[in-house]
Amino acid sequence: MGGCVPVDVVQAYGPEFISGVLYVGGGVLSRNFHPLCMHPIIKAIVPSIRSLDATASSKGAADFVDSCVAEPLPFGVKLQWMGGYTMQTPQARVLSLGRVQDKHGGRGKRADCRPGTEDLHCVSEVMIALAKEVYKKVDVKMLPGVDIVRILTA
């Protein structure tokens, strides 16, 4: 979940615990900003991701994995990724995605953002504008041709 976890770290341990955050790929500043930054592709998938219905949740797993890459994955790899996704129960996923995070924990920190131009999870321009409102110093470098996963495996 990109930058969502550092927000929780700051909330739990205080802002002095970390000096900054490096957002790589599809990170959003926190769950509070996710609705503002959501790419239309992921926005269409969210109802399935948040569903407790087994059929909808299964479709959400396939759609979510597809949304992580610009080029289709080999079927066996896609199944492995879906397996990792489905290890979390639908109930846990709904609770995790619906929790409230501290809106002010990261203020005054620094953020380095490395969004990819092919990211289907986050509208980078919106996220960057929000980052500049939240963080003291923001450094941005767009990565051409990079999706949410390719940057992590390059």
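The values are calculated or read from the model by the stated rules, or taken from the named source; none is laboratory data. Fair warning: this is a prediction, and the values are worked out from it, not measured in the lab. In this analysis, Cβ positions are derived from the backbone assuming ideal geometry, glycine residues included, and neighbour counts consider all displayed protein chains.
Here is a check on your reading of the model: is Val134 touching a Leu at 6+ places or on another chain (Cβ under 7 Å) and modelled with pLDDT under 80?
Taking the combined requirement at face value, the residue satisfies it.
Would you be able to say whether some residue in region 24-39 is aromatic (Phe, Trp, Tyr) and either modelled with pLDDT under 85 or surrounded by fewer than 18 Cβ atoms within 10 Å (Cβ to Cβ) (or both)?
Among the residues of region 24-39, at least one is aromatic (Phe, Trp, Tyr) and either modelled with pLDDT under 85 or surrounded by fewer than 18 Cβ atoms within 10 Å (Cβ to Cβ) (or both), which makes the answer yes.
Can you find even one residue in region 75-85 that is at pLDDT below 80 and surrounded by 12 or more Cβ atoms within 10 Å (Cβ to Cβ)?
Yes; the residues of region 75-85 include at least one that is at pLDDT below 80 and surrounded by 12 or more Cβ atoms within 10 Å (Cβ to Cβ).
Applying the selection to region 67-97, what residues are under 19 Å from Lys43 (Cα atoms) and among the aromatic types (Phe, Trp, Tyr)?
Once the filter is applied, which keeps residues that are under 19 Å from Lys43 (Cα atoms) and among the aromatic types (Phe, Trp, Tyr), region 67-97 yields only Tyr85.
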